[in-house]
Amino acid sequence: MYRVIEAGQLADRIFQIWVEAPHVARHALAGQFLVIRIDEHGERIPLTVSAVSGDLVRIIFMAVGKTTHQLSTLKAGDFIRDVAGPLGRPSEIGMFGTCVVVGGGAGIASCPIIARAARAAGNHVIGIIGARNAGFLILEDEMREACDDLFVATDDGSRGFHGFAADVLKEVIEGRKVDCVWIIGPAIMMKVTSEVTRPKGIRTFVSLNPIMVDGTGMCGSCRVQVGGETKFACVDGPEFNAHEVDFDLLMQRQRTYFDEEKASLERYHERACRCGEGGHHG
Amino acid sequence: MSARAGAGKAVTMGERPARERVRDFSEVDCGLSAEEAVAEAERCLQCKKPSCIKGCPVEIDIPLFIARIAERDFLGAARIIKEANLLPAVCGRVCPQEVQCEGACILGGKERPVRIGDLERFVADREREQGLVIPPVAEPTGKRVAVVGSGPAGLTAAAELARAGHNVTVFESLHEPGGVLMYGIPSFRLPKDVVQAEIDQLRGMGVEILTNHLAGASIPVADLHAYDAVFIGTGAGLPFFMNIPGEQLNGVYSANEFLTRVNLMHADRFPEYDTPVRHAGRVVVVGGGNVAMDAARVARRLGARVTLVYRRREEDLPARRAEVIRAQQEGVEFELCANPVRILGSHFVTGVECVRMEMCSLDDSGRPEPSPLKGSNFTIDADMVIQAIGQGPNPLLIRKIEGITYGRKGNILVDEEGRSSLEKVFAAGDVATGAATVILAMGGAKKAARAIDRMLREDQRDH
Ligand SMILES: Cc1cc2nc3c(=O)[nH]c(=O)nc-3n(C[C@H](O)[C@H](O)[C@H](O)COP(=O)(O)OP(=O)(O)OC[C@H]3O[C@@H](n4cnc5c(N)ncnc54)[C@H](O)[C@@H]3O)c2cc1C
Ligand SMILES: Cc1cc2nc3c(=O)[nH]c(=O)nc-3n(C[C@H](O)[C@H](O)[C@H](O)COP(=O)(O)OP(=O)(O)OC[C@H]3O[C@@H](n4cnc5c(N)ncnc54)[C@H](O)[C@@H]3O)c2cc1C
Ligand code: SF4
Ligand code: SF4
Ligand code: FES
């Protein structure tokens, strides 16, 4: 059992939890993730290690389905049944020169830890964070602190630059020599944004988010195609060379349980309602 | 069904009818009644030089425990078994007895071997009904041993070392201990409460089991080396894929994924449990081993029509004969001498294209070598494909242990007693042998534990 120390909402549908998990906190590096299972009936879901402090780990997640909705109801003092990790390979941080860390939506959760690591390695780090609108934007202050420069973009212009993170990235790489780029967000955003760096052949990493079960290489649920080869994202990744990733396949496989997920969330909401309004929240 | 067998005649365990059992995940075998067990025990000749023991990798004193059953001292029988084997309810159910103890029983030549496995199971079940007795442990030695993995190998090593008085910590990456016993072998062959009860004994013996701990990550290799000894029992959990076109389609599973979703995560009870599994009308399982049989039988229980595709003939199926028969009884269809060449579909699987195989010359193992017959391609409709074509050791931890030597297939190289190329690091079970059996993993682990114990005691004397 792992105790929730702090829990709160960061933006529309985006929440954070600090959970006590020393075995993860003490060894986690930028780019790694953990797997949680809320209770005996829960599904194992992967979430990025977004920050570490002593024995605590922070996870930031968007409430999209049953598990993340349920997770969003946890409060300080509650428990998460299982927390396993740190999983996956850490980000390949080197002394590259100038790095850009691009985050989209809940993917911004992974950015500060990478930005800090890249900066600690001596890089000049530029951050770009983007969201649908100001209401969905997270970690702006933290990113401002972690990066040498930060650009903010929203699709509707409600905050920062009016447009996509990809548009900002394009301007940045036009303006100066960039040596390495991380792009983390929804699959479609990573696909589109990584096209920006392809023509210049800039080293670009994306963090892939296929459906996982164990997160340790024993099921193959997370398999992705990279450079024409099958890789297990949980052990060979989750970060891969963006320009070699088959994003269409990733998106196709993410939809494997579309109907089941929908049914599960509906059932969850129905039950939450039956327990009285906010039964699961109060 | 439980009619008393006449003295001297072998009894068979009761089996639930296929039509009934295929609708649920409850056990197929009903086990022996006390009368049946006593009658079967009386068949044992109490050989002076019992050959059966040689067939048991954990060296249970078989005639002795059987004699106790004949005397109706069932708990006494349990005590004897547990001196050698802490997982008798598991072994009694899943050991391939026909090639182990029973295969070596002297009665096998004349009539039928004593049903040692069924008797072991009977005794273990009896003891469990009354509450398992925790085996005694020796005075603490002050030595600390790290055991990585909680499958049969890790559990056995932990039990032996705890018995000897060492302080044992088990690291398990999944949320439940048990390894394949929990996530692989389905509950209709091995109920999960049976496994859990046997594992709980270990906790009673003072063994600490840390789940959610991935060795090499949650516990770095350097921390492992800080223990007085390390036992690695990480199994062979890395699934192989066929590498044919269409394998990335939604609905293509490794047997590991499919079985884990159902056995460990209870996807058969979705949405009561949150983990889903595809509900398919037609399933193709590829492979012919125990894993393939299990996958096929689980798929049947989820309501699918199931075809098992295997590239050799029926007599070449590597699965236990009894499991093949049960799969057939349960309505699994067999497409033998056939091999998939392509999985069809656009986003989701719609079928499997296979080719007929012709048996030609013999291969290294003396089995006929299958080769594809040109132009014999045919299609099986399917909305799910499960690949059960084998698995190897997971490289995750092994690659991080500097200086440890491993074979071409990624298996840790060890000597007879489980010693690796590194001092103080031992390994046994599937990670050393490649995918094998529960009892071979346990036998290997027991030997390694004894060697570790000897090493630690010499250590103690030297200091
Ligand atoms: C390495 C990795 C790191 C991730 N980090 C974060 C993070 O920091 N913050 C965050 O908000 N999300 C993260 N995700 C995605 C997160 O795991 C999913 O949003 C979550 O599993 C959804 O579960 P659900 O029950 O709420 O939704 P569901 O309704 O079950 O699913 C919604 C969508 O989430 C995806 N999903 C479902 N089950 C799984 C699963 N077991 N594993 C992976 N994806 C699944 C599917 O594509 C699905 O369509 C990460 C995914 C991976 C692989
Ligand atoms: C579906 C199926 C059916 C089978 N049926 C039978 C049968 O009927 N009879 C029979 O005798 N055999 C059967 N087998 C084979 C048998 O289960 C295995 O040979 C046996 O389980 C091997 O035991 P092990 O302890 O070596 O490994 P495993 O049982 O594989 O256990 C290894 C454990 O180590 C954990 N682990 C791995 N890496 C790490 C790490 N880095 N850190 C922490 N933990 C880690 C894993 O999560 C796992 O729990 C079957 C196998 C399968 C898959
Ligand atoms: S443990 Fe297995 S091999 Fe040994 S006696 Fe029991 S059934 Fe036979
Ligand atoms: S070999 Fe067979 S008959 Fe002889 S002691 Fe063993 S079980 Fe009994
Ligand atoms: S999640 Fe199972 S192999 Fe990656």
Residues to consider are A:Phe205, A:Phe151, A:Phe232; find the one that is within 14 Å of chain B (Cβ to nearest Cβ) and either under 18 Å from A:Ser110 (Cα atoms) or within 16 Å of ligand 2 (Cβ to nearest atom) (or both). A:Phe232
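With respect to B:Gly281, determine if the residue is more than 9 Å from chain A (Cβ to nearest Cβ) and open to solvent by 10 Å² or more (accessible area, probe 1.4 Å). Quick ask: steps written out before the conclusion?
Working: more than 9 Å from chain A (Cβ to nearest Cβ): yes; open to solvent by 10 Å² or more (accessible area, probe 1.4 Å): yes.
Yes; evaluated as a whole, the condition is true for this residue.
Restricting to segment B:199-215, give me the number of residues that are part of a loop (DSSP other than H, G, I, E, B), more than 10 Å from every other protein chain (Cβ to nearest Cβ) and in contact with a Leu (Cβ under 9 Å, 6 or more places away or on another chain).
Applying the first criterion (part of a loop (DSSP other than H, G, I, E, B)) to segment B:199-215 yields B:205-207, B:211-214.
Subset that is more than 10 Å from every other protein chain (Cβ to nearest Cβ): B:205-207.
Those still in the list that are in contact with a Leu (Cβ under 9 Å, 6 or more places away or on another chain) too: B:205, B:207.
Of the residues in that region, 2 qualify.
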Could you go through segment B:324-343 and let me know if any residue there is on the phi < 0 side of the Ramachandran plot, among the β-branched types (Val, Ile, Thr) and in a strand (DSSP E or B). yes
Kindly indicate the residue of segment A:60-94 that is within 13 Å of chain B (Cβ to nearest Cβ), assigned to a loop (DSSP other than H, G, I, E, B) and open to solvent by 30 Å² or more (accessible area, probe 1.4 Å) and also nearest to ligand 3 (Cβ to nearest atom) among those meeting that condition. A:Arg81
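Yes/no matrix, rows are residues, columns are (1) within 12 Å of chain B (Cβ to nearest Cβ); (2) modelled with pLDDT of 95 or more:
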position: A:Asn209; (1), (2): no, yes
position: A:Cys219; (1), (2): yes, yes
position: A:Asn241; (1), (2): no, yes
position: A:Glu244; (1), (2): no, yes
position: A:Leu250; (1), (2): yes, yes
position: A:Ser264; (1), (2): yes, no
position: A:Arg271; (1), (2): yes, no
position: A:Cys275; (1), (2): no, no
position: A:Gly278; (1), (2): no, no
Step by step: first the residues of segment A:1-58, then only those that are under 24 Å from A:Gly217 (Cα atoms) and of a type in the set (Phe, Trp, Tyr), then the one that is surrounded by the most Cβ atoms within 10 Å (Cβ to Cβ). Which residue is that? A:Phe33
For segment B:259-278, how many residues are open to solvent by less than 10 Å² (accessible area, probe 1.4 Å) and within 18 Å of B:Val352 (Cα to Cα)? 0
Filtering segment B:28-57 for residues that are of a type in the set (A, V, I, L, M), surrounded by fewer than 21 Cβ atoms within 10 Å (Cβ to Cβ) and within 14 Å of ligand 3 (Cβ to nearest atom) leaves a count of 1
Can you tell me which residue is farthest from the other protein chains (Cβ to nearest Cβ) among those in segment B:216-252 that are more than 19 Å from B:Asp453 (Cβ to Cβ) and assigned to a strand (DSSP E or B)? B:Val252
Would you kindly identify the helices (runs of 4 or more DSSP H) lying entirely within segment B:92-160 that contain at least 2 residues that are hydrophobic (A, V, I, L, M, F, W, C) and either more than 14 Å from chain A (Cβ to nearest Cβ) or away from ligand 4 (no atom under 16 Å from the Cβ) (or both)? B:101-104, B:116-130
The lone condition B:Val194 fails out of (1) touching a strand residue (DSSP E or B) at 6+ places or on another chain (Cβ under 9 Å); (2) more than 16 Å from ligand 1 (Cβ to nearest atom) is (1)
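Have a look at B:Ala255, B:Ala299 and point out the one that is open to solvent by less than 30 Å² (accessible area, probe 1.4 Å), in contact (Cβ under 8 Å) with a residue 24 or more places away in the chain and away from chain A (no Cβ under 14 Å). Before you say what the answer is, go through the steps one by one.
Values: B:Ala255 fails: away from chain A (no Cβ under 14 Å).
Of B:Ala255, B:Ala299, the one residue that is open to solvent by less than 30 Å² (accessible area, probe 1.4 Å), in contact (Cβ under 8 Å) with a residue 24 or more places away in the chain and away from chain A (no Cβ under 14 Å) is B:Ala299.
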Would you confirm whether or not segment B:379-387 contains a residue that is closer than 29 Å to B:Val148 by Cβ and touching a helix residue (DSSP H, G or I) at 6+ places or on another chain (Cβ under 9 Å)? yes
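Just to be sure, is B:Glu40 among the acidic types (Asp, Glu), farther than 30 Å from B:Val262 by Cα and within 16 Å of ligand 2 (Cβ to nearest atom)?
On the way: among the acidic types (Asp, Glu): yes; farther than 30 Å from B:Val262 by Cα: yes; within 16 Å of ligand 2 (Cβ to nearest atom): no.
It is false that B:Glu40 is among the acidic types (Asp, Glu), farther than 30 Å from B:Val262 by Cα and within 16 Å of ligand 2 (Cβ to nearest atom).
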(1) part of a loop (DSSP other than H, G, I, E, B); (2) touching a strand residue (DSSP E or B) at 6+ places or on another chain (Cβ under 9 Å): which one isn't true of B:Glu423, the others all being true? (2)
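The values are calculated or read from the model by the stated rules, or taken from the named source; none is laboratory data. Remember, predicted model here, so these are calculated numbers, not experimental data. In this analysis, Cβ positions are derived from the backbone assuming ideal geometry, glycine residues included, and neighbour counts consider all displayed protein chains. The area values use the complete protein model at the heavy-atom level, side chains included, leaving out ligands, DNA and RNA. Shrake-Rupley method; radii C 1.70, N 1.55, O 1.52, S 1.80 Å.
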